[in-house]
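Peer 1: Just passing along the structure, written as structure tokens.
The values are calculated or read from the model by the stated rules, or taken from the named source; none is laboratory data. In this text, all values refer to a predicted model and were calculated from it rather than measured experimentally. Here the Cβ positions follow ideal geometry from the backbone for every residue, glycine too, while neighbour counts run over all protein chains shown. Note: accessible area is taken over every heavy atom of the protein model, side chains too, but ligands, DNA and RNA are not part of it. Shrake-Rupley method; radii C 1.70, N 1.55, O 1.52, S 1.80 Å.
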Amino acid sequence: MAKGFCIVFVVMMHSTLGVEDAAERTGFMGYVVAFARPFRMPDFFLISGLFLARVIDRDWRTYLDRKVVHFLYFYVIWFTIQFAFKAPGMAADEGWGALPGLYLLGYIEPFGTLWFIYLLPIFFVVTKLTRRVPIWVMLPIAAALEMMTIETGWIVIDEFAERFVFFYVGYVFAPQVFALAGRAQNAPLAGIAGLLAWGLLNGFLVFAGYAMLPGVSLALGLIGAAAVVTLCALLARSGAFGWLEYAGRNSIVVYLAFFLPMAITRVVLLKTGIIEDIGVVSLIVTAAGVVTPLIFHALVRNTPLKFLFERPERFKIERRPDGAALQPAE
């Protein structure tokens, strides 16, 4: 559920900013996106590190297949798809002769919205290589990188410095995170009270302009991730948010494929002008970006197009016995 919550907010950010930029106006969804900025990606990375302890001691061949080659496969497929859609616009700006170089650059500098699955394997490898380094050494280094606000202009370097601490915290403090979820479910009123207090603090620091200050952004990212875990534990207890759980189980499907339905819906709504409220337009574009990939995934699951979301056996370095299930995007 927390993964589902995060992917909805990631799509919401891209959708809302895209709509507001194209319309040259802001809407109420812009405030939601601003409120979520301190915790949106920190929570995504923290959750990605939660189950790493179960697999980090596996042999390198298995580990690289599951945690590097797996994501590399989907990056190549979806980077190529995105590049094909954006190529005419890039050719108009740079010329058709520049396209091969721009395509190759995408393997060094992550392309568009795909930087998350480009960076995640790097986190997996760095964490395995440093797993014998004491926490009291690694954690201050990771925290210092985040607080230094490194801006080299290269996405991999800048995002690694800003995000690795949250992934590492998810890895080393996974038992405490699960315990927090359990406490929230056992004492829901206390969980709700904590969420209200966090919401007021986060909102004040965001809209007062303090949220991105060194140290403050780190604290808000960690506290916000804990708040999302608490909220989703309470939602899971209610049993009424199965759709969010489904989105979370298929979060990488949404992440890979949301760009096209998002862009098409944005263009149609803004060109036709059938809805004037920019906030409502942003909300509809967000819904299209989340729901359409899930529908498309369900439609192609048992067709030759399933390679878009399931890695074929021939692209694995860890071979499975005959008849074993394909490894889905996850």
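Peer 1: Among ARG54, ARG66, ARG37, ARG25, which is touching a strand residue (DSSP E or B) at 6+ places or on another chain (Cβ under 8 Å) and of a type outside the set (A, V, I, L, M, F, W, C)?
Peer 2: Result: ARG66 is the single residue among ARG54, ARG66, ARG37, ARG25 that is touching a strand residue (DSSP E or B) at 6+ places or on another chain (Cβ under 8 Å) and of a type outside the set (A, V, I, L, M, F, W, C).
Peer 1: Further, regarding this structure: Only one of GLU162, GLU151 is surrounded by 20 or more Cβ atoms within 10 Å (Cβ to Cβ) and not hydrophobic (A, V, I, L, M, F, W, C); which? It would help to see each step written out before you state the result.
Peer 2: Numbers: GLU151 fails: surrounded by 20 or more Cβ atoms within 10 Å (Cβ to Cβ).
Selected residue: GLU162, the only one of GLU162, GLU151 that is surrounded by 20 or more Cβ atoms within 10 Å (Cβ to Cβ) and not hydrophobic (A, V, I, L, M, F, W, C).
Peer 1: Looking at THR26 and the list (1) touching a helix residue (DSSP H, G or I) at 6+ places or on another chain (Cβ under 7 Å); (2) β-branched (Val, Ile, Thr); (3) assigned to a helix (DSSP H, G or I), which single condition is not satisfied?
Peer 2: With respect to (1) touching a helix residue (DSSP H, G or I) at 6+ places or on another chain (Cβ under 7 Å); (2) β-branched (Val, Ile, Thr); (3) assigned to a helix (DSSP H, G or I), THR26 is out only on (3).
Peer 1: Select from segment 30-44 the residues that are open to solvent by less than 30 Å² (accessible area, probe 1.4 Å) and more than 17 Å from the chain's Cα centre (by Cα) and list them in ascending order.
Peer 2: Step one: filter segment 30-44 for residues open to solvent by less than 30 Å² (accessible area, probe 1.4 Å), giving 30, 33, 36, 38-44.
GLY30, the sole residue that qualifies.
Peer 1: Looking only at segment 225-244, how many residues end up being touching a residue at least 24 places away in the same chain (Cβ under 8 Å), open to solvent by 30 Å² or more (accessible area, probe 1.4 Å) and among the small types (Gly, Ala, Ser)?
Peer 2: Residues flagged as touching a residue at least 24 places away in the same chain (Cβ under 8 Å), open to solvent by 30 Å² or more (accessible area, probe 1.4 Å) and among the small types (Gly, Ala, Ser) within segment 225-244 amount to 2.
Peer 1: List, please: which pairs have Cβ atoms under 8 Å, are six or more places apart or on different chains, and start with a residue in segment 14-29 that is crowded, with 17+ Cβ neighbours inside 10 Å and end with one that is outside any helix (DSSP H, G or I)?
Peer 2: Hits for this filter: HIS14/PHE258; THR16/GLY27; VAL19/GLY27; GLU20/THR26; GLU20/GLY27; GLY27/ASP277.
Peer 1: Please count how many residues of segment 71-113 are within 23 Å of ARG314 (Cα to Cα) and in contact with a Leu (Cβ under 9 Å, 6 or more places away or on another chain). Before you say what the answer is, go through the steps one by one.
Peer 2: Here is the first cut: in segment 71-113, the ones within 23 Å of ARG314 (Cα to Cα) are 71-81, 107.
Cutting the leftovers down to in contact with a Leu (Cβ under 9 Å, 6 or more places away or on another chain) gives us 71, 74-75, 77-79, 81.
Count: 7.
Peer 1: While we're on this one: Would you tally the residues in segment 251-287 being open to solvent by less than 20 Å² (accessible area, probe 1.4 Å) and farther than 19 Å from PHE83 by Cα?
Peer 2: Going through segment 251-287 one residue at a time, the tally reaches 8.
Peer 1: Here are some residues: ALA211, ALA240, ALA288. Which one is out of contact with any strand residue (DSSP E or B) (no Cβ under 6 Å at 6 or more places or on another chain) and in a helix (DSSP H, G or I)?
Peer 2: Numbers: ALA211 fails: in a helix (DSSP H, G or I); ALA240 fails: in a helix (DSSP H, G or I).
Matching residue, one of ALA211, ALA240, ALA288: ALA288.
Peer 1: State whether one or more residues within segment 62-69 are surrounded by fewer than 17 Cβ atoms within 10 Å (Cβ to Cβ), free of Cβ contacts under 8 Å to residues at least 40 places away in the same chain and at negative phi.
Peer 2: No, there is no match, as no residue in segment 62-69 is surrounded by fewer than 17 Cβ atoms within 10 Å (Cβ to Cβ), free of Cβ contacts under 8 Å to residues at least 40 places away in the same chain and at negative phi.
Peer 1: Name, by its number, the condition in (1) over 26 Å from ALA233 (Cβ atoms); (2) in a helix (DSSP H, G or I) that does not hold for ASP57.
Peer 2: Among (1) over 26 Å from ALA233 (Cβ atoms); (2) in a helix (DSSP H, G or I), the lone unmet condition for ASP57 is (2).
Peer 1: Check every one of the helices (runs of 4 or more DSSP H) wholly within segment 75-190 and list those with 2 or more residues that are farther than 30 Å from ARG237 by Cβ.
Peer 2: Working: elements: 99-105, 115-129, 135-147, 155-172, 174-186.
It comes to 99-105, 115-129, 135-147, 155-172.
Peer 1: More than 30 Å from LEU222 (Cα to Cα), open to solvent by 80 Å² or more (accessible area, probe 1.4 Å) and of a type in the set (Gly, Ala, Ser): which single residue out of ALA92, ALA87 fits that description?
Peer 2: Details: ALA87 fails: open to solvent by 80 Å² or more (accessible area, probe 1.4 Å).
Exactly one residue qualifies, and that residue is ALA92.
Peer 1: Just a yes or no: is a residue in segment 85-106 within 30 Å of LEU205 (Cα to Cα) and touching a residue at least 24 places away in the same chain (Cβ under 8 Å)? Walk me through it before giving the result.
Peer 2: Of segment 85-106, the ones within 30 Å of LEU205 (Cα to Cα) are none.
Looking through segment 85-106, none of the residues is within 30 Å of LEU205 (Cα to Cα) and touching a residue at least 24 places away in the same chain (Cβ under 8 Å).
Peer 1: Sticking with this structure for a sec: Is there any pair with a first residue in segment 143-163 that is on the phi > 0 side of the Ramachandran plot and a second that is part of a loop (DSSP other than H, G, I, E, B) and open to solvent by 70 Å² or more (accessible area, probe 1.4 Å) whose Cβ atoms are under 7 Å apart and which are 6 or more apart or on different chains, and what are they?
Peer 2: Close Cβ pairs (under 7 Å, with a partner that is part of a loop (DSSP other than H, G, I, E, B) and open to solvent by 70 Å² or more (accessible area, probe 1.4 Å)) amount to THR149/PRO214.
Peer 1: Test of understanding: among LEU222, LEU205, LEU195, LEU180, which residue is surrounded by 13 or more Cβ atoms within 10 Å (Cβ to Cβ), among the aliphatic types (A, V, I, L, M), farther than 19 Å from MET1 by Cα and within 24 Å of the chain's Cα centre (by Cα)? Give the steps one after another, and end with the answer.
Peer 2: Numbers: LEU222 fails: farther than 19 Å from MET1 by Cα; LEU195 fails: farther than 19 Å from MET1 by Cα; LEU180 fails: farther than 19 Å from MET1 by Cα.
Only one candidate passes the filter, namely LEU205.
Peer 1: Among (1) surrounded by 13 or more Cβ atoms within 10 Å (Cβ to Cβ); (2) more than 23 Å from LEU218 (Cβ to Cβ), where does ILE108 come up short?
Peer 2: If we test ILE108 against (1) surrounded by 13 or more Cβ atoms within 10 Å (Cβ to Cβ); (2) more than 23 Å from LEU218 (Cβ to Cβ), just (1) comes out false.
Peer 1: If you scan segment 208-217, which residues turn out to be open to solvent by 20 Å² or more (accessible area, probe 1.4 Å) and either of a type in the set (A, V, I, L, M, F, W, C) or touching a residue at least 60 places away in the same chain (Cβ under 8 Å) (or both)? Talk me through it step by step, then tell me what you get.
Peer 2: Keep residues of segment 208-217 that are open to solvent by 20 Å² or more (accessible area, probe 1.4 Å), which gives 208-210, 212-216.
The answer is ALA208, MET212, LEU213, PRO214, GLY215, VAL216.
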